[in-house]
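First the structure, in the form of structure tokens, and then the observations on it.
The values are calculated or read from the model by the stated rules, or taken from the named source; none is laboratory data. Keep in mind that this is a model prediction, so the values were computed, not measured. Cβ placement follows ideal geometry from the backbone for every residue including glycine, while neighbour counts extend to all protein chains displayed.
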There are 2 protein chains.
Amino acid sequence: MTTAWLENEATAALDTPIVVVDLDRMDANIERMAALMGDRGVALRPHAKTHKSLRVGRRQIAAGAVGLTVATIGEAEVFAAGGIEDLFIAYPVIAAGPKAERLRRLAERCRLSVGADSIEGVTALASAFRGAGAAPAVLVEIDSGGRRSGVLPDAAGGLAVRAIDAGLRVTGVFTHAGQAYRGPERRSGAADQEVEGLAMAADSLRALGIEPTVISAGSTPTASLSARPPVTEERPGTYVFGDRQQLVLAGDPADDAGTVALVVAATVVSHGARGGFLVDSGAKILGKDTAPYAPGHGLVLGYPDAVLSRVNDHHGIAEVPDGAPRPEIGEVVWIVPNHVCPVVNLVDELVVAQGGRIVDRWPVDARGRNT
Amino acid sequence: MTTAWLENEATAALDTPIVVVDLDRMDANIERMAALMGDRGVALRPHAKTHKSLRVGRRQIAAGAVGLTVATIGEAEVFAAGGIEDLFIAYPVIAAGPKAERLRRLAERCRLSVGADSIEGVTALASAFRGAGAAPAVLVEIDSGGRRSGVLPDAAGGLAVRAIDAGLRVTGVFTHAGQAYRGPERRSGAADQEVEGLAMAADSLRALGIEPTVISAGSTPTASLSARPPVTEERPGTYVFGDRQQLVLAGDPADDAGTVALVVAATVVSHGARGGFLVDSGAKILGKDTAPYAPGHGLVLGYPDAVLSRVNDHHGIAEVPDGAPRPEIGEVVWIVPNHVCPVVNLVDELVVAQGGRIVDRWPVDARGRNT
């Protein structure tokens with residue numbers, strides 16, 4: 001892949017560390033996923049926690065997405081205020097304290113769905129919306145093998161009944177197959193678990209007289225594999241930018257990262273005293289995600305032998321084997337982060353590039369909206 | 001230690017996840033370090049990257065700190081604008097592109113020092129300040145065993161000469177003994193390495209006719225151990241809030257975390273399907289720091305058997321042994337993060353508590369100032 005993401009003059013004017021998005025690559029990712037889901041007849045509801053940006057979300061909607069997925073009420077508030085009309089908080093929200101009133105206001109300004117995986121969760125939701133004009137649809141979350149939130153698939157119907165009895169409207173079930181992230185060999189099996197778990201959950205609703213209209217799976221590594229009946233919706237997030245995890249999970253070699261649409265531009269600030277080199281991009285921009293299947297904290301483009309073996313807050317420390325090239329002090333290098341979602345959440349804006357030139361700067365509108 | 005950081009009513013009104021600082025504990029930490037350094041006759045220049053907050057920095061200055069340390073020009077700009085008069089960018093700054101002009105403006109509004117560890121670094125600095133009215137003092141960074149930035153101690157003098165020949169003013173040497181973080185058994189040895197490395201570096205300046213006036217060491221685990229001649233200054237950061245790493249490094253048992261002044265307030269959102277519990281605090285507030293010497297991603301106060309074994313962006317996943325208590329869904333728990341610096345950088349404000357009540361909210365003024 002191209003190792004320099006901007007022309008020399010634009011590169012020299014960068015104030016690093018900074019996040020650069022290649023617009024054409026991002027748009028290609030958006031179009032490719034939308035086309036795939038269109039072909040399958042599956043609704044696409046991208047997870048916006050990856051980009052947290054209205055401008056990106058609007059492009060996803062324009063390409064055919066039915067709405068967006070978010071992780072927090074705060075993200076939903078930002079996207080609703082920005083004109084996105086259909087939002088799903090794919091999270092077991094506990095609608096207590098200040099969150100109850102925020103959810104009520106949110107339900108009045110967009111078509112809202114929320115997740116639930118406990119009696120306490122549905123009870124709090126029902127209580128928050130008792131007597132309210134607009135109420136969200138509820139999707140029961142199931143654990144399809146990711147061992148995170150969600151009830152076991154055959155318990156979905158029971159929880160759905162409790163929600164309906166409490167006065168809520170249940171429209172279906174959802175899951176996230178986090179186990180797909182454990183290695184490339186897990187992708188296909190994880191997608192099967194998603195589909196089977198969701199099918200079982202849907203049946204458990206039907207057995208109690210509830211017809212699910214939304215059967216929603218969601219993760220970038222499994223999206224293309226689980227977009228088949230009875231799944232009606234996919235919620236991939238990371239695909240929009242891609243990252244090193246996704247390259248590895250997809251089996252792409254590191255030197256053919258053509259789908260990666262976001263890099264961190266970093267300046268080499270030191271050669272240290274003992275070999276290797278240091279960049280000004282540490283954990284406060286690259287995050288600290290790592291994975292057993294890929295050494296180091298990111299991929300330094302153009303220096304395939306360099307391993308970004310440590311990140312401190314503001315230092316990225318790269319090792320280079322004896323004799324392998326290393327960049328000069330002052331040189332700008334382009335780093336594909338391991339996991340793009342935390343990176344975007346660490347910056348206030350994205351530098352948008354096209355054809356090697358900076359064409360725009362977009363705010364990360366929902367950065368830091370943790371609540 | 002107290003497991004509930006706020007009274008019930010204040011807790012119920014929290015919108016989690018959120019960062020809570022106990023004002024009295026923080027002030028005690030500030031006073032304790034200032035008193036210790038005062039006793040030793042060593043200047044205290046706290047690293048502000050931990051708190052990124054003007055209100056905290058001003059309290060450190062009021063307690064006797066000679067100025068603040070920062071990691072980036074952006075942090076320095078925020079603190080200079082907020083009235084802090086003496087700032088040291090303890091980083092091998094490359095004064096090229098937009099950073100050159102920013103540094104020039106900064107040097108006009110505060111007493112500024114910057115780090116350097118390469119000929120390229122001093123050349124860029126000299127070029128940026130050629131003909132400028134105010135210029136920063138330069139401190140040569142040495143590697144005292146942390147294997148990060150810095151020249152070897154005996155090379156400090158040579159670089160100092162190059163800086164002076166280029167027209168810069170060199171005032172001394174500095175180091176950070178990052179190896180102290182590798183485990184409690186490393187603390188004392190790391191402090192010795194700091195002192196010995198700095199002594200050697202100071203001598204290498206003197207051998208070339210340069211008398212260092214600043215000999216600066218810096219890290220919370222070593223501050224009390226290396227504050228002795230020839231060290232003239234200490235730059236600890238984390239001590240102001242403390243965190244789980246510091247407890248472990250100091251040898252404090254987990255149940256006596258009396259110096260910890262900051263927690264993440266999290267709500268239990270799920271019991272999952274397979275035991276344990278989940279909180280709404282994942283990597284986007286707790287960060288992803290971990291360490292071989294402490295299992296999990298933070299310490300859940302009041303639940304000593306719980307291990308926060310995984311953090312995804314918005315989920316903290318805790319395991320609990322069979323039979324051990326777990327919190328109820330909806331309960332607020334208080335989590336001591338492993339590493340406090342990235343946590344503060346992930347939020348826009350700190351909730352300030354005193355005596356169990358919320359007394360203020362402070363902005364994280366320099367959050368995200370990566371450049």
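For region A:33-59, residues that are outside any loop (DSSP other than H, G, I, E, B), farther than 15 Å from A:Trp362 by Cα and in contact (Cβ under 8 Å) with a residue 12 or more places away in the chain total 9. Tallying residues that are of a type in the set (Ser, Thr, Tyr) and at pLDDT below 95 within region B:148-182 yields 1.
When each of B:Met37, B:Met33 is tested for being more than 12 Å from chain A (Cβ to nearest Cβ) and in contact with a Pro (Cβ under 7 Å, 6 or more places away or on another chain), the lone residue that passes is B:Met33. For region A:260-271, the set of residues classified as buried (at least 24 other Cβ atoms within 10 Å of the Cβ) and over 25 Å from the mean Cα position of the chain (by Cα) consists of A:Thr267, A:Val268, A:Val269, A:Ser270, listed by residue number. Evaluated against (1) closer than 30 Å to A:Phe129 by Cα; (2) within 14 Å of chain B (Cβ to nearest Cβ); (3) crowded, with 23+ Cβ neighbours inside 10 Å; (4) not aromatic (Phe, Trp, Tyr), A:Thr16 falls short on exactly one condition, (1). Candidates A:Thr72, A:Thr16, A:Thr3: the one that is assigned by TED's automatic domain parsing to the domain that holds A:Val340 and touching a residue at least 12 places away in the same chain (Cβ under 8 Å) is A:Thr16. B:Val240 meets the conditions (1) surrounded by fewer than 23 Cβ atoms within 10 Å (Cβ to Cβ); (2) over 17 Å from B:Leu301 (Cα atoms); (3) not polar (S, T, N, Q) in every case but one. The failed one is (1). Looking across B:Ile18, B:Ile30, one residue alone is farther than 13 Å from B:Gly355 by Cα and touching a strand residue (DSSP E or B) at 6+ places or on another chain (Cβ under 7 Å). It is B:Ile18. Can you pull out every residue in region B:278-307 that is within 13 Å of chain A (Cβ to nearest Cβ), in a strand (DSSP E or B) and buried (at least 24 other Cβ atoms within 10 Å of the Cβ)? Passing the criteria: B:Leu278, B:Val279. Determine, yes or no, whether A:Thr232 is of a type in the set (Ser, Thr, Tyr), buried (at least 21 other Cβ atoms within 10 Å of the Cβ), touching a residue at least 12 places away in the same chain (Cβ under 8 Å) and assigned by TED's automatic domain parsing to the domain that holds A:Glu75. So A:Thr232 does not fit the description; no. All conditions in (1) of a type in the set (A, V, I, L, M); (2) at pLDDT 95 or above; (3) surrounded by 23 or more Cβ atoms within 10 Å (Cβ to Cβ) hold for A:Ile358, with the sole exception of (3).
Taking region A:349-371 as the range and being within 13 Å of chain B (Cβ to nearest Cβ) and assigned to a loop (DSSP other than H, G, I, E, B) as the test, the residues that pass are A:Val364, A:Ala366, A:Arg367, A:Gly368, A:Arg369, A:Asn370, A:Thr371. Residues that are of a type in the set (Val, Ile, Thr) and more than 14 Å from every other protein chain (Cβ to nearest Cβ) do not occur anywhere in region A:112-121.
Of all residues in region A:308-348, those that are touching a residue at least 60 places away in the same chain (Cβ under 8 Å) and either at the interface with chain B (Cβ under 10 Å from one of its Cβ atoms) or of a type outside the set (A, V, I, L, M, F, W, C) (or both) total 12. Residue-level check: of (1) away from every other protein chain (no Cβ under 14 Å); (2) buried (at least 21 other Cβ atoms within 10 Å of the Cβ); (3) hydrophobic (A, V, I, L, M, F, W, C), B:Val93 misses just (1). In region B:149-158, which residues are surrounded by 19 or more Cβ atoms within 10 Å (Cβ to Cβ) and more than 11 Å from every other protein chain (Cβ to nearest Cβ)? Of everything in region B:149-158, just one residue is surrounded by 19 or more Cβ atoms within 10 Å (Cβ to Cβ) and more than 11 Å from every other protein chain (Cβ to nearest Cβ), namely B:Gly157. Consider region B:121-148 and keep the residues that are free of Cβ contacts under 8 Å to residues at least 40 places away in the same chain and on the phi > 0 side of the Ramachandran plot. The one that is surrounded by the fewest Cβ atoms within 10 Å (Cβ to Cβ) is B:Gly131.
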